[in-house]
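Here's the structure, in C-alpha cells; my notes come after.
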2 protein chains.
Amino acid sequence: MLSTAQTLDKQDSLAGLRQQFLLPQNTVYLDGNSLGPLPVAAKERAVEVVNQQWGQDLITSWNQHAWIDLPQQCGELIAPVIGAAPGQVICCDSISVNLFKVLSGALKMQQGRQKVVTTKDNFPTDIYVIEGLKQQLGAASCELVLSDESDIEAQLDESVAMLLLTQVNFRSGRLLDMQRITEAAHARGILVIWDLAHSAGALPVKLDECKADFAVGCTYKYLNGGPGAPAFIYVAHRHQTAFKQPLSGWMGHAAPFSFDSDYAPVQGVKQNLSGTPAVIAMSVLEAALSIWSQVDMLQVRQKSLAMGEFFLECLKACELDKELVCVSPDSALERGSQLAFQHEQAYAICQAWIDAGVIADFRAPDLLRIGFTPLYVSFEELWIAVNKLKLIIENKDYLSEAYQSLQTVT
Amino acid sequence: MLSTAQTLDKQDSLAGLRQQFLLPQNTVYLDGNSLGPLPVAAKERAVEVVNQQWGQDLITSWNQHAWIDLPQQCGELIAPVIGAAPGQVICCDSISVNLFKVLSGALKMQQGRQKVVTTKDNFPTDIYVIEGLKQQLGAASCELVLSDESDIEAQLDESVAMLLLTQVNFRSGRLLDMQRITEAAHARGILVIWDLAHSAGALPVKLDECKADFAVGCTYKYLNGGPGAPAFIYVAHRHQTAFKQPLSGWMGHAAPFSFDSDYAPVQGVKQNLSGTPAVIAMSVLEAALSIWSQVDMLQVRQKSLAMGEFFLECLKACELDKELVCVSPDSALERGSQLAFQHEQAYAICQAWIDAGVIADFRAPDLLRIGFTPLYVSFEELWIAVNKLKLIIENKDYLSEAYQSLQTVT
C-alpha cells in the first residue's frame, strides 16, 4: 500500500499547494472538516492587519485598507467555489445568525405557508434556529417538520414554505442531490436553503446551476479561514428584491454613513450585513481565500474521492474494516469529503490517535470522523495514519485511563 | 497653557498606562471613541492565537487553550467595568445582532404592550433594529416610538413595553441619567435596555446599582478590543429565567456537544450565544481587556472630565471657540468622554487635522468629534492638537482640494 500511496502522490496535481499551509511537524491532519489549518497568507495578513493597519493606521484603515469592503470582497472570493455568479454572496456573522436571517426573510415571501422541513439528523444549530423562529413568531406562523434524510421528498407538498438541508451530513458525510431535491421542492412552490458547512471547499457546489434559492456556510472548515471565522450567505439574484431580512443593522443600510433614522436597505445581497464587520477575522479570511483562485474544484473532488477510497483500502489491508464500522454511504459519489466509523470506544481511540500524531475527530455518541482535504494531505499520510490506528487498536492503547475521560470537543 | 498641561500630566495617576499601548509616532489620537488603539498585550496575543494555537495546536485548542470559554471569560472581564456582578455579561456577535436578541426576548416578557421607545438621534442601528423587528412581527406586536432626547420621560406610560437608550449620545456626547430614567421606566412597568457603545470604558457605568434590565455594548471603542471586535450583552440576574432570545444556535444550548435535536437553552446569560465564537477576534479582545483590572474607573472619569475642560480652555485661549460651535452639553457632568463641534467645513478640517498628525473624526453632516481616552492620551497632546487646529483654521488649510472630497468614514 505504501508504494501505491507514493505513486498517487507523484501523480497528484494539487500536491504543490501543501507549501501554502503551515502544519505542525509529524502530524497527519484529518480534521480539516472541523478546522482548516493555517495558510501562510493568513499568518502574514494577521500580522499586517493587527500591527500595521490597526496599530499604525488606526481609524483611517476603514478607507485606506478598504476594511469596509471586506464582507463583499470575501463573498466574491467564495462565490466561484460554490458555483455562484458575482453579487450573490457576502460574508458576515455566523451560520446560526445567517440562518435566522434567511429563514425569517424567506418565510415572509411564502405567505400562507408555515412549514419548514429539515432533516432529523441535520446539524443541531439548523434545527435550533427553526425552533427559535417558531418560538418568536408562534406556531401558527412557523412550524418545524423533521424528516428522515432518506425520505425528504415525501415531505414536500404545497403546505411547505421552506426546505432547509445541509448538503453533506456532518456525521455520515452523506451528500444530498442538490439538483434533484431543489427541483422537486420548486415544483411545489417551496424555497430551498442549502447549508454548505461541509461542502463549501470540499467539492464542486453548483448553487446557480441547481437554481438554489438561498445558502449559508462557514469558512473555518474546508475554506481554512481560521477558528470561528465569519460565515457567508447566498441569496439568488432573482430573490434579492423580494427578500428582506429582519436583523437590519447600519451596515445593511443604503447609506450607513449618512446616519438617517429611517432604515432603507441597500440593494442586493449586502442587505444581509447587520453590525460592524469583524475586521481582523475577515482580513485573515480574505488572505486564506486567495488560494482558491489557483484551484480547480474538479481536481479537488477527484483527489478527495481517491483519498476516501484509498483510506478504506488501507483499513481493509490492515484488517480494521470489521472493528470500525463505516456508517458513511458505500458509494463514494454519495459522500462529501469525509468518512465516519462507529466504534463504542470511538472517543478514546480518537484521543490515542491524536497522541500518536494523527488528528481526526469524535462525534457523539460513538463516531470517529475523518476528513479528507486535498489541498494539504497526501496519500502517504493516509497510509501512515491507518498504520498508527492499527497499532492502537491491536494493542488496545485506547483503554488507557488517559484516553477514557470524555471532554468537550468540537 | 503648555505648562498647565505639563503639570496636569505630572499629576496624572494613569499616565503609566500609556506604555501598554502601541501608538504611531508623532500622532495625537483623539478617536479612541471610534476605534481604540492597539494594546501591547493584544498584539502579542494575535501572534499567539494565530501561529501557535491555530497553526500548531489546531483543533485541540478548543480544550487546550479554552477557546470554548472565551465568550464568558471576556464577559467577566467587562462586567466590573460596567458595574455588573459576575454571571450577567457575555461576549458575542455585534451590537446590532445583540439588540435584536434583547428586544425580541424582552418584548415577549411584556405581553400586551408593544411600544418600543427610543430617541430620534440615537445611533441609527438601534433604531433600524427596532424597525426590523417591527417588520418581522407586524405593527400590532411592535411599535416604534421616537422621542426627543430632552423629553424621554414624557413618553413613558403603561402602554410602553421597552425603552432603548444609548447612555452617551454618539454625536453630542450627552450623558443620560441612567438611575433616574431607569427608575421612571420601572415605575410604569417598562423594561430598559442601555446601549453602552459610548460609555463602557469611558466612565463608571453602574448597571446593577441602577437596576438596569438589559444592556449591549461594543468593545472596539474605549475597550480597545480591535476593529470590529465582538460586542457584549448584559442580562440582569433577575430576568435570566424568563428571558429567551430567538437566535437559538448551538452555542446557547445546555449541552452543545451532545448534538440533541431539541433546543434546550443553557441557564443564564450564556443562552445569548448563538453560533461558533469568533476565536481570533475574541482572543485579541481578551488580551486587550486585561488592562482594566489595573484601572480605577473613578480615576478614568476624573481625568476624562479634566481633559474635556482643558481642551475647551485651549480652544478659548486660541480664540477658536467662536469658529467651532460646541454642541455638547455645557456641564462636564452631563457629557460622556467626548466633545462635538459644529462647523460647515467639519469634514475638511478633520482631514487637514489628520494630515497634521491629529486624528479625530467627522460625523455627518457637519460635526467634528473629539474623544478623550484617559488611558493613553496626555494633556500635552491636547495642547499640541489645539495648536495645530489653530494653524489649520487661521490659514484655512482645509480649503485645499485634497480635504474637500467626502469619503466614507466611520
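Residue-level analysis places A:S405 among those that are within 12 Å of chain B (Cβ to nearest Cβ), more than 28 Å from the chain's Cα centre (by Cα) and not β-branched (V, I, T).
Looking at segment A:48-71, which of the residues that are within 24 Å of B:T276 (Cα to Cα), more than 7 Å from chain B (Cβ to nearest Cβ) and aliphatic (A, V, I, L, M) is farthest from the chain's Cα centre (by Cα)? Outline the logic, then answer.
Residues of segment A:48-71 that are within 24 Å of B:T276 (Cα to Cα), as a first pass: A:49-50, A:67-71.
Then drop every residue that is not more than 7 Å from chain B (Cβ to nearest Cβ), which leaves A:49, A:69-71.
Retained after the next criterion (residues that are aliphatic (A, V, I, L, M)): A:49, A:70.
Values: A:V49: 25, A:L70: 20 Å.
Ranking the qualifying residues of segment A:48-71, first place goes to A:V49.
Would you check if there is a residue in segment A:352-373 being buried (at least 22 other Cβ atoms within 10 Å of the Cβ), within 14 Å of chain B (Cβ to nearest Cβ) and more than 30 Å from A:M297 (Cβ to Cβ)? Checked segment A:352-373: at least one residue is buried (at least 22 other Cβ atoms within 10 Å of the Cβ), within 14 Å of chain B (Cβ to nearest Cβ) and more than 30 Å from A:M297 (Cβ to Cβ). Can you work out which of the residues in segment B:266-300 that are out of contact with any Phe, Trp or Tyr (no Cβ under 9 Å at 6 or more places or on another chain) and outside any helix (DSSP H, G or I) is farthest from the other protein chains (Cβ to nearest Cβ)? Per the stated criteria, the residue is B:D296. Against the numbered list (1) buried (at least 19 other Cβ atoms within 10 Å of the Cβ); (2) closer than 30 Å to A:Y220 by Cα, B:A346 comes up short only at (2).
The condition (being outside the structural domain of B:C314 (by TED's automatic domain parsing), in contact with a Gly (Cβ under 8 Å, 6 or more places away or on another chain), part of a helix (DSSP H, G or I) and more than 27 Å from B:K206 (Cβ to Cβ)) is satisfied by just one residue among B:W54, B:W62: B:W54. B:D260 passes every criterion in (1) surrounded by fewer than 24 Cβ atoms within 10 Å (Cβ to Cβ); (2) in contact (Cβ under 8 Å) with a residue 24 or more places away in the chain; (3) touching a Pro at 6+ places or on another chain (Cβ under 8 Å) apart from (2).
Among the residues of segment B:169-178, is any in contact with a Gly (Cβ under 6 Å, 6 or more places away or on another chain), hydrophobic (A, V, I, L, M, F, W, C), crowded, with 21+ Cβ neighbours inside 10 Å and not in a loop (DSSP other than H, G, I, E, B)? Looking through segment B:169-178, at least one residue is in contact with a Gly (Cβ under 6 Å, 6 or more places away or on another chain), hydrophobic (A, V, I, L, M, F, W, C), crowded, with 21+ Cβ neighbours inside 10 Å and not in a loop (DSSP other than H, G, I, E, B).
Counting the residues of segment A:320-345 that are without any contact (Cβ under 8 Å) to a residue 40 or more places away in the chain and either more than 23 Å from the chain's Cα centre (by Cα) or part of a loop (DSSP other than H, G, I, E, B) (or both) gives 7. Of the residues making up segment B:24-44, those that are surrounded by fewer than 22 Cβ atoms within 10 Å (Cβ to Cβ) and either over 30 Å from B:Y234 (Cβ atoms) or of a type in the set (D, E, K, R) (or both) are B:P24, B:Q25, B:N26, B:T27, B:K43, B:E44.
Which count do you get for residues in segment B:85-104 that are assigned to a helix (DSSP H, G or I) and touching a residue at least 60 places away in the same chain (Cβ under 8 Å)? The qualifying residues number 9. Total residues in segment B:358-376 satisfying the condition of being touching a residue at least 60 places away in the same chain (Cβ under 8 Å) and either polar (S, T, N, Q) or closer than 16 Å to B:L315 by Cβ (or both): the figure is 8. Is it the case that segment B:7-21 has a residue that's under 22 Å from the mean Cα position of the chain (by Cα), closer than 28 Å to B:S274 by Cβ and modelled with pLDDT of 95 or more? Checking segment B:7-21: not a single residue is under 22 Å from the mean Cα position of the chain (by Cα), closer than 28 Å to B:S274 by Cβ and modelled with pLDDT of 95 or more.
So is B:T119 among the hydroxyl-bearing types (S, T, Y), buried (at least 19 other Cβ atoms within 10 Å of the Cβ), more than 14 Å from chain A (Cβ to nearest Cβ) and touching a strand residue (DSSP E or B) at 6+ places or on another chain (Cβ under 7 Å) or not? Against the criterion (among the hydroxyl-bearing types (S, T, Y), buried (at least 19 other Cβ atoms within 10 Å of the Cβ), more than 14 Å from chain A (Cβ to nearest Cβ) and touching a strand residue (DSSP E or B) at 6+ places or on another chain (Cβ under 7 Å)), B:T119 does not qualify. For segment B:204-216, a residue qualifies if it is buried (at least 24 other Cβ atoms within 10 Å of the Cβ) and under 21 Å from B:I370 (Cα atoms), and exactly one does: B:V205.
Taken over segment A:200-257, the criterion of being touching a residue at least 40 places away in the same chain (Cβ under 8 Å), aliphatic (A, V, I, L, M) and in a loop (DSSP other than H, G, I, E, B) is satisfied by A:A202, A:V205, A:L207, A:L223, A:A229, A:A231, A:A236, A:A242, A:L247. All told, A:A161 falls short of being part of a helix (DSSP H, G or I), more than 24 Å from A:C74 (Cα to Cα) and either of a type outside the set (F, W, Y) or without any contact (Cβ under 8 Å) to a residue 40 or more places away in the chain (or both).
The values are calculated or read from the model by the stated rules, or taken from the named source; none is laboratory data. Since this is a predicted model, take the numbers as computed values, not measurements. All Cβ positions, glycine included, derive from the backbone under ideal geometry; neighbour counts span all protein chains shown.
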